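Read through the structure below, which is laid out as structure tokens, and then see the notes.
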Amino acid sequence: MGRPPEKINTTLHSIGNTPLLQLRRVVPAGCASVYLKLEYFNPTGSYKDRMALAMIEEAERRGTLRSGMTVVEYTGGSTGSSLAFVCAVKGYRFHVVSSDAFASEKLRTMRAFGAELEVIHSPSGKITAELIQQMIARASEIAEDPNTYFTDQFNNSDSLPGYRLIGEELLQQLPGRVAAYCGGVGVGGMLMGVSAALKEKDQSTRVVALEPASSPVLTKGVSGPHHVEGVGVGFVPSLLDSARYDEARAIEEGEARAMSRRLAREEGVFAGTSTGLNVVGALQLARELGPGHAVVTVACDSGMKYLAGDLYTNGDSARRQ
């Protein structure tokens, strides 16, 4: 977890120390510099590897997770892939609850790492607050078995040290101060962990929470269905502390999808819709701050996880906003 490459002993040691890229072609003239941390360089192609390792290792240290136990979680996909990976390396069984509303590539990845997967059907094919609650309820039921350890990502602060490493790495990689940092909110741990590191260094760093405009829980107090995986869970997650970010903004899903495609074609960044959402938010901040400032966000995961959907499909569906 954040260890130097020369000390790699298992694939777990390759988590962290991801590259930082300055975006150029998608950033208009007269804006602040925009930097993107490429979290898809983590082993399963997502920053959730950091969270998964932190949750498992903190539980091991406390003795609440022991050899022979089964790890249980509800997840839209990337957390499940990451936990399945970590459990495979460490030798734990993993029972996961997900849904067909999420990318099939993510579900297949969990199975590839040996997870026992339960899939809850989404009648609309969209991510809704009701769907997330169904997944949580089923995982909670499974976790009643005393030989399980429930990672319970929405309520597990063990993830924060793993995400804090993103902020610590940013401070090492970026010369000068970080004027603003933004990121989409799902569980909320990533924004909170990075905020802790950045604001400890400089309280004036502006931290902005992002969400899909179709489910504006933080900005308007209402939820709705959407297709931006990993964010916008339909309620305010317990890990999200409003005192640790400065504002919330809602980003249109169509803009996020279009930006994802632009990033691939113009910057060589192959990522999902949540990354497009992050970059749209970062560009808003860059326009407001102007030259001489630095805005940072993250590329959450790899575009390889979305090839079965229509995000990168040629034709009319690829142009759907």
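Every read-out reported here was derived from the displayed coordinates using simple, explicitly stated rules and does not represent laboratory data. Because the structure is a prediction, the values reported are computed rather than measured. Positions of Cβ are generated from backbone atoms using ideal geometry, with glycine treated the same way; all protein chains shown enter the neighbour counts.
Here are a few things to note about the model shown:
- Under the Debye formula (equal points on every Cα, no solvent term), log10 I(q)/I(0) of the range 1-135 at q = 0.09, 0.10, 0.13, 0.14 Å⁻¹: -0.34, -0.41, -0.65, -0.73
- Rg in Å to one decimal, and Dmax rounded to a whole Å, for the range 116-274 via C-alpha atoms: 17.1, 51
- Residue separation of R244 and R66 scaled by 0.36 nm, minus their Cα-Cα distance, works out to 60.7 nm of gained length.
- Using the Cβ-Cβ distance between E252 and E288 with R0 = 22 Å, the FRET efficiency computed as 1/(1 + (r/R0)^6) comes to roughly 0.80.
- Net charge in the neighbourhood of G230 (other residues with Cβ under 15 Å of its Cβ; Lys, Arg +1, Asp, Glu -1) is -2.
- Dipole of the chain, positive direction: furthest Cα of P291, Q133, F113, with charges on the beta-carbon: P291
- Residues whose amide H falls under 5 Å from that of A32, counting only those 5 or more places apart or on a different chain, are R287, L289, G290, with hydrogens built in the peptide plane.
- Estimated dipole of the chain in Debye, rounded to 20 [Cβ of Lys and Arg +1, of Asp and Glu -1, Cα centre]: 740 debye
- Contact order, relative form, for the range 44-97: 44 percent (alpha carbon pairs under 8 Å, 6 or more residues apart, mean separation divided by residue count).
- Cα-based values for the chain, radius of gyration first and Dmax second, are 18.5, 58 Å.
- Calculated FRET efficiency, Q172 to E116, Cβ-Cβ distance, R0 = 25 Å: about 0.05 to the nearest 0.05.
- Charge context of E105, other residues only, Cβ under 15 angstrom, K/R +1, D/E -1: +1
- Cα-derived Rg to Rh of the range 228-280, Kirkwood definition: 1.05
- Summarising the amide proton neighbourhood of R206: residues at separation of 5 or more, or on other chains, whose placed amide H is nearer than 5 Å comprise A180, Y181.
- Taking label positions 7 Å along the Cα-Cβ direction at both A308 and E144, the computed distance is 3.1 nm, reported to one decimal.
- A88 paired with Q22, simple spin-label distance in nm, labels 7 Å along Cα-to-beta-carbon: 3.8 nm
- Chymotrypsin sites (Phe, Trp or Tyr not before Pro) restricted to DSSP loop in the range 31-101 with at most 15 other C-beta within 10 Å: none
- The Rg/Rh ratio for the range 226-321, using Cα coordinates for both the radius of gyration and the Kirkwood hydrodynamic radius, is 0.99.
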